[in-house]
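Taking it in order: structure first as structure tokens, then the write-up.
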Amino acid sequence: MKTAHRLGKLGMENAFEVLAEVNKLKSAGRDVISFAIGEPDFETPANIKQACINAINSNHTHYGPSNGILPLREAIADYISQTRRIPVKANEVVVMPGGKPVIYYTIHALVDPGDEVIYPNPGFPIYESVINFVGGVPIPAPLIEEKNFNFDTEQLEKLITPKTKLIILNSPQNPTGGMLTKQNLEEIARIAITNNLWVLSDEIYSRIIYDGEFLSISSLPGMKDRTIILDGFSKTYAMTGWRLGYGVMNETLAEHMTRLETNCESCTNTFIQHAGIEALQGPQDSVLEMVAEFKFRRNLIVAGLNDIRGICCKMPSGAFYAYPNVTEACKNLGFGTAKELQQYLLHQAGVAVLPGTSFGARNKNDPNEYLRFSYATSQENILKGLQLIKQAIEK
């Protein structure tokens, strides 16, 4: 029986394919250290879990409003107002089951077939996948290693055509760990305003920062009404499995996004939303402790990677990813691509990483090869994994 042609346009997250391969090796008795999955290896704080339990015991187990319960939307509005320095009302917030629906619904709400969407490359693969799914045209904008994985905005501006509808940003970034500078954001804001474009700003890692200060493009003059902020609880509060995220946007677009939510999920899990209120309004000590630990791990893994022959790694400013250039290591081992190196490290060294091509095709005229490491794993695993990689590459 035939399925819809559009299914052929949906991509995947290669991280989960590698995870399946890792699990297969482990079930066969292999010891594998994984740097593949972007998930905090911390437990959800106890106060958040208890708030969820209390909500269940208080019978918050029924349908809620499609855009989220009012107390959570008010808490999010206050939080965004404080952290982004923009005035936000509860009616400008749409609560969703995770951050991905914000991507999915934004692109569905704004992009018609044939419309062009500019997105970061390398970048989270779901951007390109959903653009293709709705019949849009994905236009990759290179993140430049020499610019600490910022855009060349002159190059980005040349990508604009009369069909351009949306620019997607991600800062701090997956997979590079880079952060867009104020100058970069100001130039992108000028481009968006001049060309009357929407901006989807994926800020899911906004609290996991080690150097500098986070800046949202929504806070720049003229940008609040044309920006959709994506944020959530997965990374900051180690709540990946809870599936709780949100979008912040102008009130008119929020109404459209709410209708999409009504048609798809009806609403987000009610008692989990009460846990979200506690996450935002309760103690933040666990977040500070987690970020401090991630910073230590960042320094550990970057130093270790730069000590391996043929590998050069920039110091990431945020998130929990390192994105080393492995071009020379590939050449030294006779590999044509980082994908070959990734498979070699998995099967020969017992270390799982992701190739740069898991986050988009190679940018035009870019000869470099990259791997992504998630350092959301213990210091012990980082040191052991680095030792195994060094032995395998420098043999």
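The values are calculated or read from the model by the stated rules, or taken from the named source; none is laboratory data. All of these numbers come straight from a predicted model, not from anything done at the bench. Note that each Cβ is placed from the backbone with ideal geometry, even for glycine, and that neighbours are counted across all protein chains shown.
Taken residue by residue, region 13-30 has at least one member that is assigned by TED's automatic domain parsing to the domain that holds R297 and touching a Pro at 6+ places or on another chain (Cβ under 8 Å).
Would you point out which residue out of N368, N381 is farther than 21 Å from L333 by Cβ and out of contact with any Leu (no Cβ under 8 Å at 6 or more places or on another chain)? Spell out how you get there, then give the answer.
Working: N368 fails: farther than 21 Å from L333 by Cβ.
Every option except N381 fails the conditions.
For region 214-225, which positions are in a loop (DSSP other than H, G, I, E, B) and under 18 Å from the mean Cα position of the chain (by Cα)? I'd like the intermediate steps shown before the answer.
Filtering region 214-225 for residues in a loop (DSSP other than H, G, I, E, B) gives 214-216, 220-223.
Result: F214, L215, S216.
Just for region 104-130: of the residues that are among the polar types (S, T, N, Q) and in a helix (DSSP H, G or I), which one is farthest from G247 (Cα to Cα)?
Taking region 104-130 as the starting set, the residues that turn out to be among the polar types (S, T, N, Q) are 106, 121, 129.
Next, from what is left, pick out any that are in a helix (DSSP H, G or I): 106, 129.
Numbers: T106: 9, S129: 19 Å.
Residue satisfying both the conditions and the ranking: S129.
Applying the set (1) closer than 12 Å to L166 by Cβ; (2) of a type in the set (F, W, Y); (3) surrounded by fewer than 24 Cβ atoms within 10 Å (Cβ to Cβ) to Y104 leaves exactly one unmet item: (1). Is region 360-381 home to any residue that is modelled with pLDDT of 95 or more, crowded, with 23+ Cβ neighbours inside 10 Å and of a type in the set (V, I, T)? Within region 360-381 (the criterion being modelled with pLDDT of 95 or more, crowded, with 23+ Cβ neighbours inside 10 Å and of a type in the set (V, I, T)), the answer is no, since none of the residues qualifies. Taken over region 1-58, the criterion of being closer than 23 Å to T377 by Cα and hydroxyl-bearing (S, T, Y) is satisfied by S27, S34, T44.
If you scan region 19-44, which residues turn out to be assigned to a helix (DSSP H, G or I), among the hydrophobic types (A, V, I, L, M, F, W, C) and surrounded by 13 or more Cβ atoms within 10 Å (Cβ to Cβ)? Don't jump to the end; show me each part of the working.
Of the residues in region 19-44, the ones assigned to a helix (DSSP H, G or I) are 19-27.
Filter once more, keeping what is among the hydrophobic types (A, V, I, L, M, F, W, C): 19-20, 22, 25.
Answer for region 19-44, where residues must be assigned to a helix (DSSP H, G or I), among the hydrophobic types (A, V, I, L, M, F, W, C) and surrounded by 13 or more Cβ atoms within 10 Å (Cβ to Cβ): L19, V22, L25.
Within region 93-105, identify whether any single residue is of a type in the set (G, A, S), closer than 29 Å to F214 by Cβ and not assigned by TED's automatic domain parsing to the domain that holds F233, and answer yes or no. If you could, list the steps in order and put the result at the bottom.
Within region 93-105, the subset of a type in the set (G, A, S) is 98-99.
Narrowing further to those that are closer than 29 Å to F214 by Cβ: 98-99.
If we keep only those that are not assigned by TED's automatic domain parsing to the domain that holds F233 too, we end up with none.
No, region 93-105 contains no residue that is of a type in the set (G, A, S), closer than 29 Å to F214 by Cβ and not assigned by TED's automatic domain parsing to the domain that holds F233.
In the condition set (1) more than 25 Å from D285 (Cβ to Cβ); (2) aliphatic (A, V, I, L, M); (3) buried (at least 20 other Cβ atoms within 10 Å of the Cβ), L260 is compliant with all but (3). Is one or more of the residues making up region 124-147 under 13 Å from I168 (Cβ atoms), among the acidic types (D, E), crowded, with 18+ Cβ neighbours inside 10 Å and touching a Ser or Thr at 6+ places or on another chain (Cβ under 9 Å)? Looking for residues that are under 13 Å from I168 (Cβ atoms), among the acidic types (D, E), crowded, with 18+ Cβ neighbours inside 10 Å and touching a Ser or Thr at 6+ places or on another chain (Cβ under 9 Å), one finds none in region 124-147, hence no. One residue alone among T236, T258, T268, T262 is assigned to a loop (DSSP other than H, G, I, E, B) and more than 17 Å from the chain's Cα centre (by Cα), and that residue is T268.
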